[in-house]
Amino acid sequence: GNGVVLVAYPDGIQEYDIKSGESTFWTEVNSLSDINITALFFDPLSDAFWVGYANGNIDKIKKNRVLNIPAIKIAQIPGDKKVNKFYQHSGFIYVSSGVGIVKINPVKNEVVESYYPTGSANPILEMVIFQDTMYALTANKLLKGSLQNPALADQSQWITDSRVDTPASTAKYQNIVLFKNSLYLSYLDNVYGKDSIFQLSNAGFQMVVGDVDMEITNLKVLNNKLHVIQYYGVLSYEEINLAPTILYEYAF
């Protein structure tokens, strides 16, 4: 964002200025608030980078200034507080974490509301908002709640999406993204090369990418394309039913 690329390592960030070619390193020693980075996100609306840590801590980086937002870290909630993903919707930043979902006002830099789809029993790996529904993904199921429900912070107000199959004992779900009015979930199998992508739409739940040598690390929608990030390359889909463009492929 803003002409720079940020790369997160476990204990720091490298900033690369595209125009000048210069690199700067951000660490706990000179700028960051913590170590063990687990999430990195650029939000063009708030014009800021968001950094999440394994202990729930959050840094907001804007114009080379770091603002710490420790709400999850200091919350008196037991369990894993790891920040898994950031998501932006209608001007708010949503944080998927081990204890639930936190909604942040990026102008006031404060927590607006917290949601506990699993009662903090299972980590929320990623969430999306589609139409009037918030979807929260765990390793073995998808939960949903209505945005019109004023009591959505209550675990009892969330229901399991029955359309999504329970994964096999050797597999798990990892990512969920919204792409062209359908939800897509990455399905990670312990068997090497057997990862796949499922589409959730009005037509049901079906595998749309699979039976290929695929090891998925992330799904990301950019420039109206679905990008499937793997260990050895990136597949870019303009339409899920068309052959992808290989943006990069690592060859031994």
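Which one is modelled with the highest pLDDT among residues in the range 205-233 that are under 18 Å from Ala39 (Cα atoms) and touching a Lys or Arg at 6+ places or on another chain (Cβ under 8 Å)? Outline the logic, then answer.
Of all residues in the range 205-233, those under 18 Å from Ala39 (Cα atoms) come to 216-222, 227-231.
If we keep only those that are touching a Lys or Arg at 6+ places or on another chain (Cβ under 8 Å) as well, we get 227, 229.
Numbers: His227: 95, Ile229: 92.
By that ranking, first place goes to His227.
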Given Lys73, Lys81, Lys60, which one is among the charged types (D, E, K, R) and assigned to a strand (DSSP E or B)?
Lys60
Quick check on this structure: which one of Ser120, Ser162, Ser186 is free of Cβ contacts under 8 Å to residues at least 60 places away in the same chain, of a type in the set (Gly, Ala, Ser), closer than 25 Å to Leu40 by Cβ and out of contact with any strand residue (DSSP E or B) (no Cβ under 8 Å at 6 or more places or on another chain)?
Ser120
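Residue-wise test of (1) hydrophobic (A, V, I, L, M, F, W, C); (2) on the phi > 0 side of the Ramachandran plot; (3) out of contact with any Ser or Thr (no Cβ under 9 Å at 6 or more places or on another chain); (4) touching a residue at least 40 places away in the same chain (Cβ under 8 Å).
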site	(1), (2), (3), (4)
Pro106	no, no, no, yes
Val112	yes, no, yes, no
Gln131	no, yes, yes, no
Tyr135	no, no, yes, yes
Gly145	no, no, no, no
Pro150	no, no, yes, no
For the range 117-128, enumerate the residues that are more than 17 Å from Lys172 (Cβ to Cβ) and either modelled with pLDDT of 95 or more or open to solvent by less than 10 Å² (accessible area, probe 1.4 Å) (or both).
Val128
Could you check Tyr248 against (1) within 20 Å of the chain's Cα centre (by Cα); (2) modelled with pLDDT under 95 and say which number it fails?
(1)
What number of residues within the range 178-209 are loosely packed, with under 14 Cβ neighbours inside 10 Å, assigned to a loop (DSSP other than H, G, I, E, B) and either among the small types (Gly, Ala, Ser) or on the phi > 0 side of the Ramachandran plot (or both)?
3
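Can you tell me which residues in the range 169-180 are more than 17 Å from Asn122 (Cβ to Cβ) and either of a type in the set (Val, Ile, Thr) or modelled with pLDDT of 95 or more (or both)? Before the answer, list the steps.
Filtering the range 169-180 down to residues more than 17 Å from Asn122 (Cβ to Cβ) leaves 170, 177-180.
Result: Thr170, Val177, Leu178, Phe179.
The values are calculated or read from the model by the stated rules, or taken from the named source; none is laboratory data. Just so it is clear, the model here is predicted, and its values are computed rather than measured. Here Cβ is always computed from backbone atoms with ideal geometry, including for glycine, and neighbour counts include all displayed protein chains. Keep in mind that these areas ignore ligands, DNA and RNA; they rest on the heavy atoms of the full protein, side chains included. Shrake-Rupley method; radii C 1.70, N 1.55, O 1.52, S 1.80 Å.
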